[in-house]
Each structure stands twice: as C-alpha cells, then as structure tokens.
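The values are calculated or read from the model by the stated rules, or taken from the named source; none is laboratory data. Treat the numbers as computed from the prediction; the structure is a model and nothing was measured. Cβ placement follows ideal geometry from the backbone for every residue including glycine, while neighbour counts extend to all protein chains displayed. Side chains are part of the model used for accessible areas, which takes the heavy atoms of the whole protein and leaves out ligands, DNA and RNA. Shrake-Rupley method; radii C 1.70, N 1.55, O 1.52, S 1.80 Å.
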Amino acid sequence: MDASRRPNQLFRNLNAKLASIPMIVTALVVFVGGTTWTVVHSFTNSRLLPKLNFVGLDQYERLWSSSRWMISIENLAIYGACSMILSLLIGFTLAALLDRKIRFEGAFRTIFLYPFALSFVVTGLAWQWILNPDFGIQGVVRDWGWEGFVFDPLNNPDIVIFGILIAGIWQGSGFIMVIMLAGLRGIDEDIWKATRVEGIPAWKTYIQVIIPMMRPVFVTALVLIASGIIKLYDLVVAQTNGGPGLSSEVPAKYVIEYMFRAQNLAQGFAASTMMLVSVIIILVPWAYLEFGGKKRG
Amino acid sequence: MADMTANAPVLEGPSGPKPRRRFSRRNIFLYGTLIVVSMYYLLPLYVMVVTSLKGMPEIRLGNIFSPPMEITYEPWVKAWAEACTGINCDGLSRGFMNSVQILVPSVVLSIAIASVNGYALANWRFKGSEVFFTILIIGAFIPYQTMLYPIVIMLREIGLMGSIWGLVLVHTVFGMPILTLLFRNYFTSIPEELFKAARVDGAGFWGIYLRIMVPMSLPIFVVAMILQVTGIWNDFLFGVIYTKPETYPMTVQLNNIVNSVQGIKEYNVNMAATLLTGLVPLIIYFVSGKLFVRGIAAGAVKG
C-alpha cells in the first residue's frame, strides 16, 4: 500500500463505521464505561450523590455483615438450585413426552409455553392470588372439609421462596421445553432405530444415549436459566415485595433498594459488583469450555 | 402380546407394522401426564379469568376455582378506567397509553439500529468491528444492576430522565446485543454473490441495505419485532427506574394498583387489571405461533 492512499484508511468503509456508532457507543460507553463506573464507585462512601471519596473495602465489609444481604444470597441460592434442577427436569420430560409422536403436539406446546409470554409482574400477581391463604388453594381445601390444611407459602417466612419458585417454574419451564425439543429433534432417527433393534427400552435410551448427546443443549439451557436467576427481581416485587419481613429478599432487589430508596449509593454499587462477580464466576468457565476449546481444537 | 404368542406360536399374521391401539397403556400414561401437566399450566389463567368475572361478595363466599354464578364485566371496566394508584384514579388506561407510546418508538428504533449494525458486521467488516461486537455480546450477560445508575446520570445529562424518550433509549441500548446478533447471523446467511452483484452494479452501503437486505429478510424482522414487543411490554425494572408516575408503563402501574396498601382489596379488579396487562403479549403469542418460538429460540440459542 503506497503512502498516498494511507489517509483514506480512516474513511474507507465510512458508511459502515458511521452506522456502527450506536453499537460502539453502547458497547464502550454504556456497557464498559457504566460497569467500570459502578465498580469504581463501589469503593467510595457515596450516599445521596456519587462521590469519589475512597474508603477501600468498607462497603463490602458492611455488605457481607448485613443480614438482609445474607438472606438475599441464601434465597437466591435456594431459588437458583431448585429452579435449575426443576426447569431442566420438567423441560426435558415434557419435551421427551411431546417427542413421542403424539397427537395435538401443537396444542400441548402452546399451553406449556404461553406463560413465557407473560411478564413476571403478571405471573407474580396471578400466583399471589392463587396462593392467597384465605381464598386461594388453602381456603378451597379447607372449604372441602379438611380444616387443618396448611398451604400458605407466601405468609410463611421459612418457605416463602418456594412460593416464588412455583411461579417462576410455571413461567419459565415451557421455554426450556422448547429448547430441549429442538435438541431432541436434532437427534438422528437412526439412533432410535438402532436402540430399538437392540431392544433397549426408551427410558434407558434417553438416559444413556440421548442425554449425553444433548450435552450442548443442556449447557445452553443451564446458561439461560442461570442468567435469568440472577436477574430475579420483578417476580419477587410483584408476588411478595420481599416479605413477610425480609424473608424473600433477593440480591437484585437489595441493589435497587439501596441505590434508589435508601439513598446509600455505594452500598448498592458494592452489591451490584458482587452480582457481576458471580456472573463472571459462572460465565468464564463456560465461555472457556465453549469457545476457548474450539479455537485450539 | 405375551398371551398371543403363547397360544398361537405359528400364527401367520400380516406383515408390516402392528396397528396401534388407541387406548394402549402407553398412550393412557402419555396423554394422562400431558393433560395433568397442562392443567397446572392453564390453572392460573383460568383462575384469573374466573375471578375477574365475579363480584366481590361471590369471591368472599365461594372458592377461586368455581365458575362465576353471575357474570359481571364491572371489574374490567373498573380496572381499565377507575382503579387508583396514589392520587390518580383513571385506571390502567393511562399505563396502557404510556406503554404504547414507549413500545412503538422503542421497537422501531431498536430494530432499525440493530439491523443496520448487523448488516455492517455481516457485509462491511472494518478493523475493530468484531471487537466491538464481542464487547456488545459480553455486555448482554452483565447484570443490569451494574449499569442502572450510570445510565441515570447519562439520561440526566441529556435531559431525558423520567421521560418516555429516555426509556425508549434504554430499551434500544439493552435490546441491541441480542438483535444485532440475530440480524448479523441472518445477513451472513444471505448468499454473498447477491451482495457482490449489487456492488458491481454500483449500489452503496444504504442502497444494498434498503433494496436487497431488508426485502430479503422480512421474516427475521418479524421475529425481531415479536421479541421486542413482548420484551418491552413486559419490562418492569427499567420502567420503574427511568420513568416517573405520570409516565409509568403498564406493568409498573399494575403492580402499584394491585400491591397498594390502602383501601379494600378488590381481587376481581386486580385480576382484571392483571389480565389486561398480559393481554398484549398473549395475543401476540397466540397469533404469531411458530414465529414466537423462533423469536425466543433465536434470542436464546446463538446461530
């Protein structure tokens, strides 16, 4: 390339560069800039307004000694573990059932997936009503004559997170089913023929052949479930608003409470940084396995 | 089957597959399970509809599963036009209008920007374009909470904090990673010869985009639209943070109506309001059918 052309380098492909400005601004200013800003300010003592008055790890010490944060973490851990296992289990089972060449497959699929179109707020409010201790399931069973029946997850601090779990699973499991079904449809028909010839029962084929073959689908599903779990916020706000007391608080709600209600900005920043760290801990090994391995292999 | 082979070991049956009996044990188990599970999925919708058509006295006496003895549409009217949030008593209609005003520009803007981005990334790569794209995709995994406050500051700086246009901008930004990925992958799959032929004929960046790429990829635009309409309509987090009571979207207003501590709880009105809010995505879901599945699958599984 000769020297006289060099000044044109910047203007080559100019339209494409101009058109990419929104993307570049979003990537650099909002995503990188915003995240860095928050992480940096989590080391300050900003309260009502963000200030660069560094106090080291004070905010993190306060965070981890706060009982509210510990409750939030515990709730998220319970919700996360249960929701991963149940979503995968329900999603895969439903997909396997639908994949048995049944009639009305479309109708069943439509029914399992429709909750996913609804927002978490709608989901939370619907289940709040169904789990209402006076008029909901508990009330109905008591009316039937079983006076001592107790089923009020939303009013019992010990199990409130499971009340939220029921709603969360209802909303999201259909989506996992769709992903699983796509995975099952991608499996070669010959494998089924081979196992049938061998006389291996269907359930055994699923466990020993199909599931190992669907490993990438399961990984994708897990990553999707996990990234949904960490965002858990609307559902809790709508269904219990963190109650009774603080028993159904979650980290995302903690962050927003401290940033926008309690006016303790840096505390919110520290909490959100912890959320970021946990996402990195989950994602980096996955990204390494998915993409790092491929490049070398 | 065991019986038959025992009794007639040399039976000469017809060759070919055995006709399936409709009520085999396998089918009863299969359909039985599916129907029971379907009931769990349908239950909340059924309960919401039934509750929203009852009067309050009937709700207090009856049980939530029984169909209404006397159908009344009053709760729906009340939810739409009279329900109170704070001092405003003009019902969900206000939230609905806000949501529409947020939805339309957000969908148009986010799809316009993301499709051009995807087009540039697929056909007009420049130095660094892949780097920015990678950052964008990684950004999709960052919890929103770490970006919420810096965006408040940015919106305040440009004077859009609390306004509908501020929220439109936020939706455009956060919709960008997934939509750009969607469009980039789709445009990459369009044969390159087409692009080259247009180049030879003298078409430029925008010419090729408008005359070739857009007309050839209408299905993916529909998928993107479904993805965005449901996503933006269902948003709560951004709505509650970046708008003020007058501009609250429908989901935020719904939550305020139902979870307000003052007054007597009117469960029928609450359920009517909840259904009203869920109606838009539900209609899109039932009308779009397979495309909806494609949309969310595209949003989920890369490529």
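For every helix of n ≥ 4 consecutive DSSP H residues, a contribution of -39,500 (n - 2.57) applies; sum these over chain A, divide by its total residues, and give [θ] at 222 nm rounded to the nearest 500 deg cm²/dmol.
Using -39500 (n - 2.57) per qualifying helix, the result is -19000 deg cm²/dmol.
Give me the percent of accessible area attributable to carbon and sulfur for the stretch A:133-253, probe 1.4 angstrom.
Ligands and nucleic acids excluded, carbon and sulfur reach 61 percent.
Please compute, for peptide B:203-215, the average count of beta-carbon atoms on other protein chains lying within 10 Å of each residue's beta-carbon.
Average per residue, whole number: 1.
Tell me the net charge near B:Gly162. Cut-off is 10 Å between Cβ atoms, B:Gly162 excluded, with +1 for each Lys or Arg and -1 for each Asp or Glu.
Net local charge, B:Gly162 excluded: +1.
Each residue of the stretch B:77-84 in order: what ³J(HN,Hα) in whole Hz does its phi give by Karplus 6.51 cos²θ - 1.76 cosθ + 1.60, θ = phi - 60°, with x for Gly and Pro?
4, 5, 4, 6, 10, 10, 4, 9
Mind checking the mean number of beta-carbon atoms from other chains within 10 Å of the Cβ atoms in A:218-226?
1
Classify the protein assembly as shown as rounded, prolate or oblate, taking a ≥ b ≥ c as the square roots of the eigenvalues of its Cα gyration tensor: rounded when a/c is under 1.5, otherwise prolate if a/b is larger than b/c and oblate if not.
Taking the square roots of the gyration eigenvalues as a ≥ b ≥ c, the protein assembly as shown is oblate.
Over chain B, what is the relative contact order in whole percent, taking alpha-carbon pairs under 8 Å and six or more residues apart?
Once normalised by length, the contact order is 27 percent.
Enumerate the calculated ³J(HN,Hα) couplings along the stretch A:114-130 in order (Karplus 6.51 cos²θ - 1.76 cosθ + 1.60, θ = phi - 60°), each rounded to whole Hz, writing x wherever the residue is Gly or Pro.
Those phi angles translate into 4, x, 5, 6, 7, 6, 5, 5, 4, 4, x, 5, 4, 6, 4, 6, 5 Hz.
In the stretch A:119-145, which residues give up 50 Å² or more of accessible area once the other protein chains are added, compared with their chain alone (1.4 Å probe)?
A:Ser119, A:Val121, A:Val122, A:Leu125, A:Trp129, A:Ile130, A:Phe135, A:Val140
Which of rounded, prolate, oblate describes the stretch B:148-209, given a ≥ b ≥ c as roots of the alpha-carbon gyration tensor eigenvalues and a/c under 1.5 marking rounded, otherwise prolate only if a/b is larger than b/c?
Verdict is prolate for the stretch B:148-209.
Compute the accessible area per residue over the protein assembly as shown, keeping the other protein chains in place, probe 1.4 Å, unit Å².
49 Å²
What FRET efficiency would be calculated for the residue pair A:Leu246, A:Asp143, taking the C-beta separation as r and a Förster radius of 35 Å, to the nearest 0.05?
0.60
Kindly state, to the nearest 0.05, the FRET efficiency for A:Lys51 paired with A:Glu198, given R0 = 56 Å and r defined as their beta-carbon distance.
Rounded to the nearest 0.05, the efficiency is 0.20.
Is there a simple number for the mean count of other chain Cβ atoms within 10 Å of the Cβ of residues in B:108-117, and what is it?
3
Working with all protein chains in place, sort A:Arg142, B:Arg199, B:Arg211 by solvent-accessible area computed with a 1.4 Å probe, largest first.
Accessible-area ranking of A:Arg142, B:Arg199, B:Arg211, largest first: B:Arg211, B:Arg199, A:Arg142.
Give me the percent relative contact order of chain A, please, defined on Cα pairs under 8 angstrom at least 6 residues apart.
The normalised contact order for chain A reaches 28 percent.
In whole Hz and in residue order, list the ³J(HN,Hα) couplings for the stretch B:221-226 that follow from phi through the Karplus curve 6.51 cos²θ - 1.76 cosθ + 1.60, θ = phi - 60°; x for Gly and Pro.
Each residue of the stretch B:221-226 in turn: 5, 5, 4, 4, 5, 4 Hz.
Mind ordering B:155-166, A:221-232, A:187-198 by average Cβ neighbours within 10 Å, highest first?
A:221-232, B:155-166, A:187-198
At a probe radius of 1.4 Å, figure out the A/B buried accessible area, summed over both chains, and give it in Å² to the nearest 100.
7600 Å²
Going by average Cβ neighbours within 10 Å, how do the peptides A:60-66, B:170-176, B:73-79, A:94-100 rank, with the highest at the top?
B:170-176, A:94-100, B:73-79, A:60-66
Around B:Asn88, which amide H atoms from residues at least 5 apart in sequence, or from another chain, sit under 5 Å from its own amide H, with H modelled in the peptide plane?
none
Residues of the stretch A:252-292 that become at least 50 Å² less accessible with every protein chain present than in their own chain isolated, using 1.4 Å: which are they?
Those residues are A:Phe260.
Rounded to the nearest 10 Å², what accessible area does A:Phe135 have for a 1.4 Å probe in the complete protein model?
40 Å²
Name the shape class, rounded, prolate or oblate, that the alpha-carbon gyration tensor gives for the stretch B:93-300, where a ≥ b ≥ c are the square roots of its eigenvalues, rounded holds for a/c under 1.5, and otherwise prolate holds if a/b is larger than b/c and oblate otherwise.
Judged from the Cα gyration tensor, the stretch B:93-300 comes out prolate (a/c at least 1.5, a/b above b/c).
Which parts of the stretch A:30-61, residue by residue, lose 40 Å² or more of accessible area when the rest of the protein chains are there, as against the chain isolated (1.4 Å probe)?
A:Val30, A:Phe31, A:Thr35, A:Trp37
In whole percent, how big is the carbon plus sulfur part of the accessible area of chain B, probe 1.4 Å, protein atoms only?
Taking all protein chains in place, chain B shows 67 percent carbon and sulfur surface.
Determine the relative contact order of the stretch A:182-297: mean sequence separation of Cα pairs under 8 Å and six or more apart, normalised by residue count, in whole percent.
15 percent
In terms of modelled amide H atoms, which long-range or inter-chain residues lie less than 5 Å from the amide H of A:Thr44?
When sequence neighbours closer than 5 places are left aside, the close amide H contacts are A:Val55.
Mind ordering A:276-286, A:158-168 by average Cβ neighbours within 10 Å, highest first?
A:158-168, A:276-286
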